[in-house]
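Trainee: One structure is given below, represented as structure tokens, and several questions about it will come after.
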Amino acid sequence: MVRVGGLSYACTPAEGIGRRISELTLDSGRRLEPGKRYKVAGWASVGEQQGKPVWDVLADHLRAGKTSMPRGSGVTLKGLEGNPGIAGTG
């Protein structure tokens, strides 16, 4: 399961590969369109990068008095009823 910003989705861990993620929407509530290209950004890179590390960019952002942060995780878990490994369900 991936942390996201700007997106919401439902994850059903017990489903098979390719069927676990559903209800994928932008924070505005608009569904993503199949076949449309979207730009994304990640917290960690998989290759060599140039520029400031993201934690320094975030620190500069907060020092500048900009405190708005993403709301919640945007992830809803499904199919976990009775799972003792999930807090609040046992």
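The values are calculated or read from the model by the stated rules, or taken from the named source; none is laboratory data. No experiment lies behind these values; they were computed from the predicted model shown. We place every Cβ from the backbone using ideal geometry, glycine too, and count neighbours over all the protein chains shown. We work out accessible area using only protein heavy atoms, side chains counted, and drop any ligands, DNA or RNA first. Shrake-Rupley method; radii C 1.70, N 1.55, O 1.52, S 1.80 Å.
Trainee: What does the net charge come to around ASP60 if you take all other residues with beta carbon closer than 14 Å to its beta carbon, with K and R at +1 and D and E at -1? Numbers along the way, then the final one.
Mentor: On the way: positive: LYS52, ARG63, LYS66; negative: ASP56.
Result for the local shell: +2.
Trainee: Let me ask something additional. Would you mind checking which residues have amide H under 5 Å from VAL75's amide H? H placed 1.01 Å from N; only 5 or more apart, or other chain.
Mentor: So VAL75 has HN proximity to TYR9.
Trainee: Further, regarding this structure: Just to verify a number: FRET efficiency for LYS36 and ASN83, C-beta to C-beta distance, R0 = 30 Å, to 0.05?
Mentor: Numbers: r = 35 Å, r/R0 = 1.16.
Here the calculated transfer efficiency is 0.30.
Trainee: Sort LEU62, LEU32 by heavy-atom solvent-accessible area, probe 1.4 angstrom, most to least. Show your work: numbers first, answer last.
Mentor: Details: LEU62 80, LEU32 50 Å².
Output order, biggest surface exposure first: LEU62, LEU32.
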